[in-house]
Amino acid sequence: MSATPTTPAPKTNYIGLSVIDYRGGKTTLCAGCGHNAISERIIDAMYEMGVQPEYVAKLSGIGCSSKSPAYFLNRAHGFNAVHGRMPSVATGVALANRKLMALGISGDGDTASIGVGQFVHLMRRNLPLIYIIEDNGVYGLTKGQFSATADLGAKLKTGVINDLPAIDTCIMAIELGATYVARSFSGDKRQLLTVLKAAIAHKGTAMIDVISPCVTFNDHEGSTKSYQYSKDHDEPLNELGFVPYFENIDLDYDPGTTTNVVMHDGSSLRLRKLGRDYDPTDKLAALRVLHEAHEKGEMLTGVFYVNPEAPSFVDLLNLVDEPLAKLPESQVRPPKKALEEIMESLR
Ligand SMILES: Cc1ncc(C[n+]2csc(CCOP(=O)(O)OP(=O)(O)O)c2C)c(N)n1
Ligand code: SF4
Ligand SMILES: [Mg+2]
C-alpha cells in the first residue's frame, strides 16, 4: 500500500504564525511599482520579528503609496486618512492605545508637499511610530506631477524640468527630533528588510524614506528616481546587520569596523563601516553626510541616525500603561466636584 502524501506544515515564526498570516489583499498598483516591493518587505519584516498582526495599526494618507496598506497585514487595524493628514490620525491612535504598533505609510507628495506641516510637528514629538515615505518624486495617483522631493533639474516624461530644490525628508526628520532615520531603495531587498526590522525594535519615531520608482510616470531617462538612476547612484553609508532580542545569538563583530547599537527591546543593530568612519548616534555627523551627499549627487542610503534612549512622546505625557481607549469613564472624566471647583475659580 502506498503512503498518503502529506503536505509539509508551513514554516512558522517566533510566535507560531506563517508568512501567509501577514499578507494582505491583491495589489491594484501597476506591475513593477516600487511600492509593491515595499509591501513585500513589510510582510517579511513583521513575520521575521514575530509581530502579532492584530496589534498593528496601519495609517495612511492619500496616494498610490497610501493605498498600499491594503496589500499587507490583512489582520491589522487600518485607517486611510485625508491627503497629508495621516500624522494627526496616527498621533491619536498611538496615544489612545499604546499597546498597538503604529505604522504610517505615506508618499512624497502626501508628506513633503501637502502634508509638510503635519510631518514637521510629528517629527518633533518622537511618537512611537514607524513612518515610511514611499518616495517616487511625483504624485503617482494624479498622473505624475513633480512633488517636493523631486530633485532640481529632474525631467518629467513631457520634458518639463523641475526648477526647485528638493526637500530632503531625512535631513528634516533628524533636525526636528526623529530618533531613527534611514533611507533605503525598494530594489534593495536586504538593506530595506534590515532597516525595517530595526525600526520595529525602536521605541520612538522611526522615519524611513524609501526611494520607490513609479514605473508609469517617473522611470525614464532624466528622472532621478528611476530604477536605473537609483541603481547607478545608490551609495550605502554602512552595511547593516540585525539580531532580534529573541535570537540571542552572540555573533562576533569587530568593534574596529562595526558599531553595535543596542535597541530599546534588546535587539542589536550592527553597522559595518564602508570606507568612512561614521557614528550613527552623532546627529551633526548625520546631517553633514547627508548635505555632502547632495553636493556629490549621491543617493546615500543606510541608517543615518539612531538614538534608542530618547524619551518618547508617551513617556513625556506620562501616560498610564492601560490603553486610554479602554479606561472606564470614571477614570477619564474629571469628577463633578473637580469641574465645579474649576468653574468656581473662574468667577
Ligand atoms: C486635499 C487633497 N488635495 C489633492 C488631492 C489629489 N491628490 C490625490 S493623491 C495626490 C498626490 C499623491 O502623491 P504621493 O503622496 O507622492 O503618492 P504616490 O501616488 O506618488 O504614491 C494628490 C495631489 C487630494 N486627494 N486631496
Ligand atoms: S502610477 Fe506610479 S506610483 Fe502609482 S501604482 Fe503606478 S507605478 Fe506605482
Ligand atoms: Mg509620490
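Data for the structure
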quantity: Residues satisfying the stated conditions in the stretch 57-84, i.e. without any contact (Cβ under 8 Å) to a residue 24 or more places away in the chain and either among the aromatic types (Phe, Trp, Tyr) or on the phi > 0 side of the Ramachandran plot (or both); calculated: Phe79
quantity: Which listed residue, of Gly32, Gly16, is surrounded by 13 or more Cβ atoms within 10 Å (Cβ to Cβ) and not in a helix (DSSP H, G or I); calculated: Gly32
quantity: Residue satisfying condition, being more than 16 Å from ligand 2 (Cβ to nearest atom), surrounded by fewer than 24 Cβ atoms within 10 Å (Cβ to Cβ) and without any contact (Cβ under 8 Å) to a residue 60 or more places away in the chain, within set Ile171, Ile161; calculated: Ile161
quantity: Tally, over the stretch 1-27, of residues that are touching a residue at least 40 places away in the same chain (Cβ under 8 Å) and more than 16 Å from Glu134 (Cα to Cα); calculated: 7
quantity: Test set (1) touching a strand residue (DSSP E or B) at 6+ places or on another chain (Cβ under 7 Å); (2) at pLDDT below 95 - Ile38 fails condition number; calculated: (2)
quantity: Meets criteria (assigned to a loop (DSSP other than H, G, I, E, B) and among the charged types (D, E, K, R)) for Glu239; calculated: no
quantity: Tally, over the stretch 124-166, of residues that are modelled with pLDDT of 95 or more, of a type in the set (Val, Ile, Thr) and more than 12 Å from ligand 1 (Cβ to nearest atom); calculated: 3
quantity: Check on Arg183, away from ligand 1 (no atom under 12 Å from the Cβ), touching a residue at least 24 places away in the same chain (Cβ under 8 Å) and surrounded by fewer than 19 Cβ atoms within 10 Å (Cβ to Cβ); calculated: no
quantity: Some residue of the stretch 38-56 being within 16 Å of ligand 1 (Cβ to nearest atom), more than 15 Å from the chain's Cα centre (by Cα), within 27 Å of Ser147 (Cα to Cα) and in contact (Cβ under 8 Å) with a residue 12 or more places away in the chain; calculated: no
quantity: Qualifying residues in the stretch 202-228 (those that are surrounded by fewer than 22 Cβ atoms within 10 Å (Cβ to Cβ) and within 24 Å of Ile174 (Cβ to Cβ)) - the one nearest to ligand 1 (Cβ to nearest atom); calculated: Thr224
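To keep it simple, each residue is scored yes or no on (1) modelled with pLDDT of 95 or more; (2) more than 25 Å from Met123 (Cβ to Cβ); (3) of a type in the set (Gly, Ala, Ser).
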residue	(1), (2), (3)
Arg270	no, yes, no
Arg276	no, yes, no
Arg288	yes, no, no
Val306	yes, no, no
Leu319	no, no, no
Lys326	no, yes, no
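The values are calculated or read from the model by the stated rules, or taken from the named source; none is laboratory data. Keep in mind the model is a prediction, meaning the values are calculated, not measured. Note that each Cβ is placed from the backbone with ideal geometry, even for glycine, and that neighbours are counted across all protein chains shown.
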